[in-house]
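Notes for the one structure printed next.
Please treat every number below as a calculation from the coordinates, not as lab data. The shown structure was predicted, so the numbers you read here are calculated from the model rather than taken from an experiment. Glycine also receives a Cβ, built like all others from the backbone with ideal geometry; neighbour counts cover every protein chain displayed.
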Amino acid sequence: MRFVWFWTFWHWSREGFRAGSLLRGPLHGIAGHWDEWYRHEASPEDRRAVEDAGRSKAAQRAFVGWLARHWAREAEWRGSRPPARFVLGQLAHVAPFDRWPALEKYRASYGPAGVWAIVLAEGSAGESADVRRVEALVVPADADAAAPAVVAEGFEADDAALDAARRAALGMLGGTGLLAFLALWVAGGRRPYPRWLGALLALGWAAAAALAGWLLVGPDPGERLLPLVAALAALWAALVMTATGAAAAVVGGAWRLGARWRRRLEADQLRLRMSGGLRLIGGSAGVPFSLNALLAVYRANPAAASASWLWERFFRRMRAGAPGWAATGSVAADGRISPVVLESKLRACLRHEDISDVLTPWQRGARGRVIRQLADGLKETHGGRTAAALRVGGARLGFAAELPRLRGHRCRHLAQAMMSIGGLTSVPQVAVNVLALAVSAVMLAALPDLRGILRPPPAPAAVAPSSPSPYHLWVSLDTKHPEDFEVLLESRFWSNRRATVAAYGGDNASVRAELRLNRLDFQTVSDEEDGTVWIERRRRFLTRAFAPGERVGRYTLSYLTRLGHD
Amino acid sequence: MTSPVTSSSTISAKHRTLKRRRLAALAMLAACAGGAAAVAGCGDPNAVRVALQASPAAGRDVRRLDISGQIVGPPAGLHYKWFSVSGECDPQESTLPATSFRFAEGATRDRVSVEVWRDDRRVAQSEIDVRLDEQRARMMTQPGPDVRIEITQIPPYEPEGGDFTRAEIGGTVNGDVSPDYQVVIYARADAWYIQPNSHAFHAIRQGKTWGSWTHTGSSYAALLVRPGFDAYTRLDVLPQVGEYVLARSVVEGARR
C-alpha cells in the first residue's frame with residue numbers, strides 16, 4: 001500500500017477527534033491536525049516516508065494524484081467523501097507540504113473557477129480587475145453546531161447576503177426556484193431528443209396544424225372525413241404523449257436529483273473564495289455566489305448528474321462555459337434578482353478579455369443597445385489613444401483588433417440565469433411549443449366533434465313531448481348529444497324543414513327540434529299527414545359543418561304529432 | 001448469516017415494492033380501460049330499432065289499417081318483411097317501412113310484426129297488437145242521433161292567424177245530446193288547426209253551451225264528436241258528419 005503514513009495520520013486524526021483529544025473535526029481541522037501529527041506523533045519511519053514523497057516534483061505529483069484518486073474515494077467523513085481539493089488546499093500551507101512546488105496551485109485556489117463576479121473596487125469606473133474569480137466548494141459540515149453554513153474566504157461579506165445566496169441555491173435545487181426553472185424549461189427549453197426526432201416532432205405538429213386547418217376551412221373531405229379525423233386524432237395523441245412523457249421524465253428526474261442535492265447542500269458547508277481581501281458592500285455578488293454554489297454541489301459528485309438529463313446538460317455547459325461568464329445582481333432567497341448599479345460593471349466586463357457573456361438583472365441599463373454603446377465608447381478611447389501613439393512619420397498604422405463582443409443576458413430570476421448559462425433556451429422549441437399549444441387548444445375545443453365523427457352517439461329515438469301548439473312540430477329525442485343531430489321534414493303538403501336539435505327547459509323540457517309548419521302554396525297531395533321526418537347525424541369540426549349528414553332515424557309526421565297523446 | 005429481523009424487514013420491503021408495482025400496473029390498466037371505454041362510447045351507433053304505428057286507412061273500409069314503422073338508426077339499405085297472425089299485409093315485403101293490413105274475415109284482433117333486414121342480416125324487429133274498431137263499424141251502419149252545433153261567439157276574421165293571436169269562441173248544441181259528447185274546434189289559417197292546443201277536446205257545459213279561447217283565422221269550425229274520436233291536429237279538409245262526427249258548424253270570422 002502506498003502512502004501508508006497518510007492513512008496512519010487520517011486514522012489518528014479521526015480517532016483523536018472521536019476520543020475528544022482533538023477539538024476540530026478531521027476534515028476542517030486537517031491542517032492543524034497534520035501539523036500536530038507530523039511534529040509530535042509521526043514515527044521516524046513515517047517522517048522518512050513523507051520526506052521520500054516530497055523528494056522530487058514527480059514524487060509530489062504522485063502523492064497528489066494518489067490523494068485525489070484513491071484516498072479521497074476511500075476515506076469517508078460524516079457519510080461523504082472528503083473533497084480532495086479542500087484537503088490539498090489545507091495541507092499546502094503546513095510543513096512539509098508548504099515547500100512542495102507540486103502543491104503551489106492549491107495554496108490559493110480550489111481549482112477551476114466558476115462564474116466570475118463583478119465587484120468594483122472603491123472609486124473604480126469599471127476595470128478588468130473588477131471582474132473577480134469566484135471558487136466554491138462544498139465540504140461536509142463540522143460537528144460544531146455553531147459552524148457557519150457559508151464561509152467566505154479571501155473576502156468579507158454580510159452574513160445575510162451570503163445566506164440569501166445559499167438559500168437561493170437551495171431553492172434552485174428543490175423548491176420554488178426549481179419549479180420556476182422547470183416551468184421555463186417546459187415553456188421553451190431545449191428537449192432531450194436527438195436532432196432528427198426533434199425535427200420529426202416539429203413536422204408532426206405542423207402536419208397536425210395543417211390537418212386541423214384543412215378540416216376547418218378546406219374543401220369538404222366527403223368520404224375521407226373519417227380517415228382524416230382518425231389520422232389527426234392519432235397524430236395529436238401521439239405528439240401529446242411524446243411531449244408530455246418526455247417532459248415528465250425530464251422534470252421528474254431533475255426534481256429527484258435536485259432534492260438529493262438540496263439535502264447535500266443543506267447538510268454541507270459552502271465555502272466561497274474570492275481573492276483581493278475585499279469587504280463586499282451590498283449583495284450584488286449574490287447571483288454568481290448562488291450559481292457557483294450550484295456548481296460546487298455538482299463538482300462534489302459529478303457522476304450523480306447522469307441521473308437527470310436536465311441537470312447533466314446544465315452543469316456540463318456551465319462547467320465548460322463558466323470561464324467566459326460573469327454575473328452581477330442581488331438575489332433574494334426565492335431566486336428573484338434585484339437591479340444593481342450596472343454601467344461600471346459592464347465596462348469592467350468589456351475590458352476583461354475572457355468575458356463573453358454577462359448575466360445581469362432585468363433592467364434598462366443591461367439592454368444590448370446600452371452594452372453596444374459602452375463598447376463603442378471604449379473602442380473610441382482605445383482607438384484614439386492607439387492612433388495618437390502610432391502616428392509615425394506621417395504614416396498611420398491600422399489595427400484590426402477589436403474589443404471582445406459581450407453578450408448581455410437579462411434575468412428576473414435565477415432560473416432564467418440557469419436557462420441562459422446552460423444554453424437551454426431554444427427559440428425553435430418555443431415556436432414548436434406555441435404551435436403545439438395552439439393545435440392542442442383547437443383539438444381540445446373540438447374533442448366532442450371528433451368523438452362525434454370517430455365514435456358517433458347512438459341514434460336517438462323520438463319521444464314525448466310533442467308540441468302543444470298545432471302550428472309547430474316538435475321532434476323530441478332521447479339523446480344527451482343534441483349538437484350531434486339535426487331534424488329534417490320532407491313533405492308534399494308542408495314546406496320542407498331542416499332544424500337543429502337543442503335542449504329546452506321550462507314546462508315541456510326536452511331535447512328537441514322545433515319545426516314551424518307551413519302549408520305549401522302548391523302542394524301535390526291533399527293529405528295533411530303526408531311527411532317524413534328524418535333524424536340526421538351532424539358531423540362538425542368546431543365551426544365547420546360537413547355535408548352530407550348520415551340519416552339515422554325515420555318517422556312519419558302522424559306518429560310524431562300523436563306521440564304522447566295516444 | 002442474516003438475522004430474522006433483517007430478513008423479515010427485507011421481505012416486507014419487497015412486499016411494499018411489489019405492492020407499489022401492482023398498484024402502478026393497476027392504475028395503468030384502469031387508465032387504459034377508462035380510455036378504451038371513453039373511446040368505445042356506449043352502444044353501437046349504427047344499431048337499428050323499429051316501432052310500429054297503426055292508423056285507420058283512408059276510405060270507409062274499417063277492416064283495413066295503415067301500418068307504419070318508425071325507424072331509429074340508419075335507414076339506408078334497409079328492407080322490411082311484414083307478418084300477421086290471421087290477416088293480410090300488402091305489401092309483405094317493402095323498402096319503405098309501411099304496409100296496409102286487412103283483418104281476416106271474422107277476426108277482430110291480430111298481431112302485425114315486421115322484420116328489418118339489411119342485406120342478408122336481420123337487424124331489428126317489432127310487433128303491434130291491432131283491434132278492429134267495432135264501434136266505428138257499427139256507426140257506419142246505424143244513423144246518428146239528431147244533434148246540431150252552432151257557433152254563437154264568432155272570433156274575428158284574421159286570415160294569417162297563428163301562434164301569437166288569441167280570441168274567444170263559443171256556441172251551443174241542441175238535440176239529443178249525450179253528456180259524453182265533446183266539441184272539437186278548428187281555426188283556418190293556411191290549413192285547419194285544432195284549437196287552442198293540440199289534441200284539445202271541450203266538454204259541453206250545463207245549458208248545452210261550450211266555449212274556449214282560440215287562435216284566430218279566416219274561418220272557424222266546431223265539431224260535435226263521440227268519445228274515441230281521433231282529432232287530427234291539422235286538417236286540409238274538415239271531416240264530414242258521420243261515424244264519430246255527429247254535427248259540424250263552419251263560420252267565417254267576424255269582419256270589423
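For the pair A:A320 and A:R2, label points projected 7 Å from Cα toward Cβ lie 3.1 nm apart.
Place a point 7 Å from the Cα of A:A431 along the Cα-to-Cβ direction; which residues of segment A:224-263 have their backbone N under 15 Å from it? Hits in segment A:224-263 for A:A431 at 15 Å: none. Working from Cα pairs under 8 Å separated by at least six residues, relative contact order for segment A:253-384 is 23 percent. Under the convention that each Lys and Arg Cβ holds +1 and each Asp and Glu Cβ holds -1, the size of the dipole of segment B:49-139 around its Cα centre is about 200 debye. Using the Karplus relation 6.51 cos²θ - 1.76 cosθ + 1.60 with θ = phi - 60°, the per-residue 3J(HN,Hα) values for segment A:93-106 come to 9, 10, 5, x, 5, 5, 9, 7, x, 5, 9, 3, 5, 8 Hz, with x marking Gly and Pro. Amide H contacts for B:Q153 (H built 1.01 Å from N in the peptide plane; partners 5 or more residues away or on another chain; cut-off under 5 Å): B:G170, B:G171. Rounded to the nearest 5, the antiparallel percentage of DSSP beta bridges internal to chain A is 75%.
Counting alpha carbon pairs within less than 8 Å and at least 6 residues apart, what relative contact order, in whole percent, applies to chain A? Averaging sequence separation for qualifying contacts and normalising by length gives 14 percent for chain A. For chain A, find the longest principal axis of its Cα atoms and tell me its angle to the long axis of helix A:368-389, 0 to 90°, nearest 10. Compared with the principal axis, the helix lies near 40 degrees.
The H on the amide N of A:S467, modeled in the peptide plane, is under 5 Å from the matching H of A:W474, each at least 5 residues off or on a different chain.
Each of A:R256, A:R279 was scored by other Cβ atoms within 10 Å of its Cβ. Listed from fewest to most, they are A:R279, A:R256. Sorting A:E343, A:E156 by the number of Cβ atoms found within 10 Å of their own Cβ, with the fewest placed first, yields A:E156, A:E343. In this Cβ point-charge picture (+1 for Lys and Arg, -1 for Asp and Glu), segment B:143-252 has a dipole of about 240 debye about its Cα centre. 3J(HN,Hα) couplings calculated from phi for segment B:165-171 with the Karplus curve 6.51 cos²θ - 1.76 cosθ + 1.60 (θ = phi - 60°) are, in sequence order, 10, 7, 7, 9, 9, x, x Hz; Gly and Pro show x.
The simple Förster model, with R0 at 35 Å and r as the Cβ-Cβ distance, assigns B:R131 and A:L226 a FRET efficiency of 0.15. Taking Cα atoms only, the orientation of helix A:309-321 departs from the longest principal axis of chain A by about 40 degrees.
Using a 10 Å cut-off on Cβ to Cβ distances, tally the other chain neighbours for every residue of A:522-529 and report the average as a whole number. Taking all residues of A:522-529 together, the mean is 3. Averaging the sequence gap over all C-alpha pairs within less than 8 Å and six or more residues apart, then dividing by the number of residues, gives segment B:143-252 a relative contact order of 34 percent. Each label was represented as a point 7 Å from its Cα along the Cα-to-Cβ direction; for A:A303 and B:V241 these points are 11.3 nm apart.
Computed from phi, the 3J(HN,Hα) profile of segment A:130-140 under the Karplus parametrisation 6.51, -1.76, 1.60 (θ = phi - 60°) reads 6, 8, 10, 6, 10, 10, 9, 8, 9, 10, x Hz, with x in place of Gly and Pro. Between the beta carbons of A:A237 and A:A259, assuming R0 = 30 Å, the FRET efficiency works out to 0.40 to the nearest 0.05. When the charge dipole of chain A is built from unit charges on Cβ atoms (+1 for Lys and Arg, -1 for Asp and Glu) and taken about the Cα centre, the candidate among A:G368, A:L520, A:P460 whose Cα reaches farthest toward its positive end is A:G368.
Given the options A:P428, A:A58, A:F289, identify the residue whose Cα lies farthest towards the positive end of the charge dipole of chain A (+1 on Cβ of Lys, Arg; -1 on Cβ of Asp, Glu). Of the candidates, A:A58 comes out farthest on the positive side.
Given +1 on the Cβ of Lys and Arg, -1 on the Cβ of Asp and Glu, and no further charges, what dipole in debye does chain A carry about its Cα centre, rounded to the nearest 20? The partial results should precede the final answer.
On the way: 72 positive and 52 negative charges, 374 e Å.
I would put it at about 1800 debye.
What FRET efficiency comes out for A:R412 versus A:E550 if R0 is 60 angstrom and r is the Cβ-Cβ distance? Round to the nearest 0.05. Walk me through the numbers before you get to the answer.
Values: r = 55 Å, r/R0 = 0.92.
E(calc), rounded to 0.05, equals 0.60.
Selection among B:Y181, A:G549, A:S510 by position relative to the dipole of the protein assembly as shown gives A:G549 as farthest towards the positive end (Cβ unit charges, Cα centre). Taking every residue in B:67-80 and counting other chain Cβ atoms within 10 Å of its Cβ, the average works out to 5.
Summarising the amide proton neighbourhood of A:Q269: residues at separation of 5 or more, or on other chains, whose placed amide H is nearer than 5 Å comprise A:V139, A:A141. In this simple spin-label approximation, B:Q142 and A:T524 carry label points 7 Å from Cα along the Cα→Cβ vector, and these lie 4.4 nm apart.
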